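Let me begin by presenting the structure, written as structure tokens, before commenting on it.
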Amino acid sequence: MTVAPADHLPSVKPEQEFIAPPSDPDEERIEAGVAIVGGGPAGLSCAIRLSQLIAAEPRLAELLGEVPIAVLEKGPRPGAQLLSGAMMSPSALARLLPDVDPSEWPTYGPVDRDAVYLMTSRRALRLPTPPPFRNHGNHATSVARLGRWLAARAEAEGVVILSETAATKLLVADGVVRGVRTGDRGRGREGEPLANFQAGSELIARATVLAEGSQGHLTGAALRHFGIAGDDPQRWELGVKEVWRVAQPLDRVVHTIGWPLRARARYREFGGAWIYPMGEQKVSLGFVAGLDYRDARFSVHDVLQQLKTHPLVRGILAGGERLAWGAKTIPSGGYWAMPSKLWAPGLCIAGDGAGMVNVPRLKGLHYAMHAGMFAAEAIFDALKTGSADDLSSYQQRVEESLIEDELYRARNMRQPFRKGLVLGGAIAGAMQATGGRLPGGHWRSEDDAVVDVFIGKRARDYPKPDGKLTFDKLSSVFASGNVTRDDAPNHIRVRTRVPLELALLWQNMCPAQVYEVTAASTTGRDALVDVTLTPSNCIQCGAITAKGGRLTPAEGGDGPNYQET
Amino acid sequence: MLVKDVPDAAAQKRIDPQTHRLDRSGETNLNPFDTHAIEAAMQMREGGALDVDEIVAITMGPESAVRTLQKAVSLGADRSIHLTDAGLVGSDVCATGYALAQVLKQERPGLVLLGQQSDDGECYTVGAVVAEHLQMPSLTQVIKITPVDGRLHCERQAEYGYDTVEVELPAVISVGDAINEPRYPSLKAIMGAKRKQLDTRSIADAAIDPGRVGAAGSRTVVVAVKPPLAKEPGEIIEDDDSDATVARIVAWLEQRKLIP
Amino acid sequence: MSSILVYVLHHDGEFNKSSLGAVCEAGRLAAGLGGQAAAVVVGGDDLSDDLCRSLGSYGAARVYRFRGPEGLAQPAIDAIATVMARDSHRYVLFGGGLLGFEIGAGLAARVGGGVTMEVTQVLVRDDRLVAVRPILQDSAVAEIDYVGEPGVIIARLNAFAVTSGGDGAAVVEDVELELSAWSTRTRMVRRGERRGAEIKIEDADVLVAGGRGLGNAAGFDLCSQLAKALGGGVAATRAVVDAGWYPYSAQIGQTGKTVAPKLYLAAGISGAIQHKVGMQGSEHIVAINKDPNAPIFEFSDLGIVGDLNKILPKLTAAIEDGRGGREG
């Protein structure tokens, strides 16, 4: 009997729970001109662009009221819950802030050299760098730092940034998006209001931008509600990242494929590692793997620890010290999984939440920023005519841009890898060489949750953490700055009595050790086990949503507090 | 009657290897203990036993401290004062207390409330320094405040148990985290915070003697920072025979005089 | 001529242990500076001549005795400031604790001296004192010098050992206490009220802490019996507090309390960093866990790989028997 997460979903009705008409009485209503959900690259670029446009149009500014632009950020502050590689293409930042010299950007500058290795357990075979991995001209970037920097610029332009504020409901009336409802704070473990309980509020806006990032909570509900989801189901990779101080500067962008992943199609292990310099003294390294793997004992965190024991990586990290750790999912369905429409009346969806990520090239930051700017431009134009009901010009701008072009070329490159590394690699290579034309067609993505899992022996190979080079999950959660309240309500919706395969899948998958298998509660062939959760460990990577559960926003301010990821 | 808060900003802890001073350029957050101070002020105002005219939040710090003040305002302060000056960088606890006291003198508060313990280890002390300069009674570690006939009955946990101390106003009180559960700000309050009055004051504005503040005015200097002494690896006993094991544990404890 | 003053707290005719440790340390340091240590006490009738003279056996050459309110900081600041104005003293040492901090900081402001806090060690260097203290959550240690004198040193609670040797009797000098105007505006209404039988875990010298390895809430009975035998309190990890086995007030760790007792005995605790940060400053750490790979064994002073259900009761019995034997 096969076990797949999709057969054990919790009961969540996104449309009923997360979409509602505004209901607060008028005097309690809070108004903003434009509400942007998400203080990441997409949201902040949108805010900055919008403030630039409004500055030239004082009448419109007046119309937008006391708070023309509000950005809602669920983390302690913008940047605290952003995580990425990253080698960022500079085109978006240059377009957003043309007057700022690149030397003043919050990046670590371009890196001239690159190397790609096919790894075995002991060796690293240098491969000619395939085009997607060439990063000439791209800037090594910490997206957490970028987020802080963009937020400071946005605030300087008068944008109001509401940190520690989660958006839990999308307010829709008569088919038009009216704003969002913010989350409650001060509830206890069972949801009961505590002494300092503060209910959320309705923020009404003339236009709303959902820039929530991977696994966007309201985005998922909105796609369903407006019937604008993509052709293919979205799917995800999970990335676990560390930042290290190193003794020897790294002089090139490094990518690896192969070991520790297993190449056979049966395992469906797709992914690889990156190691990027962050200036002279630090490196960013991480492992990304598709969540369509089949062995329930697969753990991206432990695979990353395993990778670090390889001589090549050990050499890079020698004499160094781990400074940071974190994890996040990346949407990898590409072109076919993007929403069929990126807008609805009063609404634009931008960035990772809309699946704007080019997986073969591991790029998404600049798409997010460009999309944020397009949304700002479309909203600005619409508001000048008096209504934000028709934001189709946003869709048009995206379609005519590099976002559409690049994602289209890469549209079938991820899917072939379910045939294993070698065959998949060959097919993807052919696509790359022909600009996406061969072998054409539409290679369908599969929902990660329908992939069946079995209990394999992978865990044998994971290194025992030594606290210097390799680390266990709990001390890693500590390094993420996560100090979530112990008695906070559980924000993870998942069934807790499931087959052993699924329980082990979650226990191994989760980089933060949220899920633990306790004793079996029934016996026999279809034995079910109990899963206990420690939601205060959760760093909100989103993997559970891809594999049978659903992450909803935690209380504002909870979760990781990334500085350098 | 004025009630003033003095939140002091706690930042990312990093030591600059050149100067051996705490690098405070990182993100500044409202010291968690100071949220208790603001909450205490709010509760006093709401309680009605004390006539509270105004709650003013004051902080000393770099540009980023403004965010701290906005948070304080969103939690209930009516206005805020930002004391900032390049000459204040590197101030130790006495310099900080003196500088804050100078600003406070200009405001003439009826009560100064602070969070008692800051992340960077300046435990329970800023309040005492401020009080000395303001020539006001001071109490720290207070976990309950009850206004009685215009005076404050304060409970605090000291060396020998709970003390109840009566304090006449004006006074400086440092509160501990057990005093209350700070409220969360409402969205309205957060959004309105930016519009509340924020005064920026420099050393000159506050009549602070520059020679008594900043790194130059500090009366202590860090001369070295070292890693802690490596602990000797401990002993491990594999228990095969619990009686023997227990005897070894007892001997180990006795050797270190850990058995009463 | 004294070079170091020490404030000595007392209550009910007994001197505070941390203060006594400070007196011993002051004596040692004063000798290193070629001077003497002198104590300052503020209180009522219970500060008898004999009691005050006994400070000599801890290292104080002289005791300045003031009649005034006990347990309040500002009268003590007035007292010490009076002494310092009269005779020159280079440093003032406090044994930590609430009053130590309040008096020390206020005094530093009064006399314009530098102040260091949470000091764990004091060095004599080039005829000066250098204070040593942990920083950044105990991850580093800083050496701090004073710019000019006097210097105020506030130690971490119980940082200095109490060694009573010597038969020296201190010279007791009564000094008139002149209270400043604001010192009269605080009045002790009730002092030292003990609430409930629980020992405040932050003050306990000994803590027996229980974790998930206890198996169930009843496991805490084993912990409290051992705690009683050792004269200490009971603490808990987050996991068991979450599970409802013990109250939150006893939780140690990142989201609980931080403690540094003389003895921390961890039963059934794995030692994850979220817990470790709350107790790593403990002087002696003993761990009992059946998992030989538990991280706690990497930083415990004595680790026992075994079944706590067998060891705890036997250990309790052995300690009680030993005590009975000694007292008998």
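Phi-derived couplings, Karplus 6.51 cos²θ - 1.76 cosθ + 1.60 at θ = phi - 60°, listed residue by residue for region A:107-119: 10, 9, x, x, 10, 6, 10, 8, 8, 10, 10, 9, 9 Hz, with x used for Gly and Pro. For A:Ile161, the amide hydrogen comes within under 5 Å of the amide hydrogens of A:Val71, counting only partners 5 or more places away or on other chains and with H modelled in the peptide plane. For A:Lys13 and A:Asp99, the difference between the fully extended length at 0.36 nm per residue and the C-alpha to C-alpha distance is 26.3 nm.
Count the lysine pairs in region C:201-327 whose Cα atoms lie under 18 Å apart, taking only pairs 8 or more positions apart in sequence or on different chains.
Details: C:Lys228/C:Lys262; C:Lys228/C:Lys310; C:Lys228/C:Lys314; C:Lys257/C:Lys276; C:Lys262/C:Lys276; C:Lys290/C:Lys310; C:Lys290/C:Lys314.
So the count of such lysine pairs works out to 7.
Computed from phi, the 3J(HN,Hα) profile of region A:66-74 under the Karplus parametrisation 6.51, -1.76, 1.60 (θ = phi - 60°) reads 5, 10, x, 9, 10, 10, 9, 10, 6 Hz, with x in place of Gly and Pro. Using the average count of surrounding beta-carbon atoms within 10 Å as a protection proxy, the listed peptides A:94-102, B:214-222 rank, highest first, as B:214-222, A:94-102.
What does the net charge come to around A:Ala92 if you take all other residues with beta carbon closer than 12 Å to its beta carbon, with K and R at +1 and D and E at -1? Present the calculation step by step, with values, prior to reporting the outcome.
Working: positive: A:Arg49, A:Arg95, A:Lys363; negative: none.
Neighbourhood net charge equals +3.
Provide the FRET efficiency to the nearest 0.05 for the A:Arg189-A:Glu321 pair, computing r from the beta carbons and using R0 = 35 Å.
Efficiency for this residue pair is about 0.45.
Counting Cβ atoms of other protein chains within 10 Å of each Cβ in A:471-478 and taking the mean gives 3. Rounded if a/c is under 1.5, else prolate if a/b beats b/c, else oblate: with a ≥ b ≥ c from the C-alpha gyration tensor eigenvalues square-rooted, which is region A:1-100? Taking the square roots of the gyration eigenvalues as a ≥ b ≥ c, region A:1-100 is oblate.
Nearest 0.05, what FRET efficiency do A:Ala426 and A:Ile455 give at R0 = 30 Å with Cβ-Cβ as r? Display every interim value, and only then the final one.
Numbers: r = 31 Å, r/R0 = 1.02.
So the FRET efficiency works out to roughly 0.45.
Placing +1 on the Cβ of every Lys and Arg and -1 on the Cβ of every Asp and Glu, with nothing else charged, gives region A:36-85 a dipole about its Cα centre of roughly 180 debye. When chain C is described by a simple charge dipole with +1 on each Lys and Arg Cβ and -1 on each Asp and Glu Cβ, the residue from C:Ser3, C:Gly210, C:Ala31 located farthest towards its positive end is C:Gly210.
Once every Cα of chain A carries one equal point scatterer and solvent is ignored, give the base-10 log of I(q)/I(0) from the Debye formula at q = 0.05 Å⁻¹, two decimals. With no solvent term, the Cα-only Debye profile gives -0.19.
Mind checking the full-extension length gain between B:Ala251 and B:Asp205? Use 0.36 nm per residue of separation minus the Cα-Cα distance, one decimal, nm. Let's see the in-between values first.
Details: separation 46, 0.36 × 46 = 16.56 nm, distance 6.51 nm.
The B:Ala251-B:Asp205 span can extend by a further 10.0 nm.
Between B:Val250, A:Trp325, A:Ala140, the Cα set farthest toward the positive side of the dipole of the protein assembly as shown (charges on each charged residue's Cβ, about the Cα centre) is that of A:Ala140. Calculated mean residue ellipticity, 222 nm, chain A: -7500 deg cm²/dmol, from DSSP H runs (n ≥ 4) at -39500 (n - 2.57) each, averaged per residue and rounded to 500.
Listed peptides C:225-238, B:234-247, C:5-18 appear in the order C:225-238, C:5-18, B:234-247 once ranked by packing, highest mean of other Cβ atoms within 10 Å at the front.
A dipole drawn for chain C from +1 and -1 charges on Cβ atoms has a positive end, and of C:Ala105, C:Leu93, C:Ala22 the residue lying farthest that way is C:Ala105.
Dipole magnitude of chain C about its Cα centre, charges +1 at Lys/Arg Cβ and -1 at Asp/Glu Cβ only, in debye to the nearest 20?
620
The separation of region B:137-201 from region B:206-245, counted between C-alpha centres, amounts to 30 Å. Protection proxy ranking of C:278-286, A:317-325, by the mean of other Cβ atoms within 10 Å over each peptide's residues and highest first, is C:278-286, A:317-325.
Across region A:485-499, computed HN-Hα scalar couplings (Karplus, 6.51 cos²θ - 1.76 cosθ + 1.60, θ = phi - 60°) run 3, 4, 9, 5, x, 6, 9, 10, 9, 7, 6, 9, 10, 9, x Hz from first to last residue, x flagging Gly and Pro. Each Lys and Arg adds +1 at its Cβ and each Asp and Glu adds -1 at its Cβ; summed about the Cα centre, region C:201-328 shows a dipole of about 160 debye. Using a cutoff of 8 angstrom between alpha carbon atoms and counting only pairs six or more residues apart, the relative contact order for region C:2-184 works out to 30 percent. Partner shielding of C:95-107 amounts to 6, given as the average count of beta-carbon atoms from other chains within 10 Å of each residue beta-carbon. For C:Val63, the amide hydrogen comes within under 5 Å of the amide hydrogens of C:Ala39, C:Val171, C:Val172, C:Glu173, counting only partners 5 or more places away or on other chains and with H modelled in the peptide plane.
Partner chain Cβ atoms within 10 Å, averaged over the residues of C:227-239 - can you pull that number for me?
Details: counts 0, 0, 2, 4, 3, 2, 0, 0, 0, 0, 0, 3, 1.
Mean partner-chain Cβ count within 10 Å for C:227-239: 1.
The modelled label-to-label distance for the pair A:Thr2/B:Ala215, using points 7 Å beyond Cα in the direction of Cβ, is 6.6 nm. Under 19 Å from a point placed 7 Å out from the Cα of C:Lys262 along the Cα-to-Cβ direction: which residues of region C:35-58 have their backbone N that close? Once the point is set 7 Å along Cα→Cβ of C:Lys262, C:58 turn out to lie under 19 Å by backbone N, inside region C:35-58. Using a ≥ b ≥ c from the Cα gyration tensor of region C:246-298 (square roots of the eigenvalues), is it rounded, prolate or oblate, where a/c under 1.5 gives rounded and otherwise the larger of a/b and b/c decides, a/b for prolate? Prolate shape, in that a/c is at least 1.5 and a/b is the bigger ratio. Taking amide H as placed 1.01 Å from N in the peptide plane, A:Gly179 has its amide H under 5 Å from the amide H of A:Leu171, A:Ala205, each at least 5 places away in sequence or on another chain. Each Lys or Arg adds one and each Asp or Glu takes one away; over the other residues whose Cβ falls under 11 Å from the Cβ of C:Leu107, this sums to -2. Of the residues C:Arg128, C:Arg86, C:Arg65, the one that moves most in a GNM of chain C with alpha-carbon contacts below 10 Å is C:Arg86.
No value in this document is a laboratory result; all are computed from the given coordinates. Note that the structure is predicted; figures quoted are calculated from it, not measured. Counting neighbours? That spans all protein chains shown, and the Cβs are built from the backbone with ideal geometry, glycine included.
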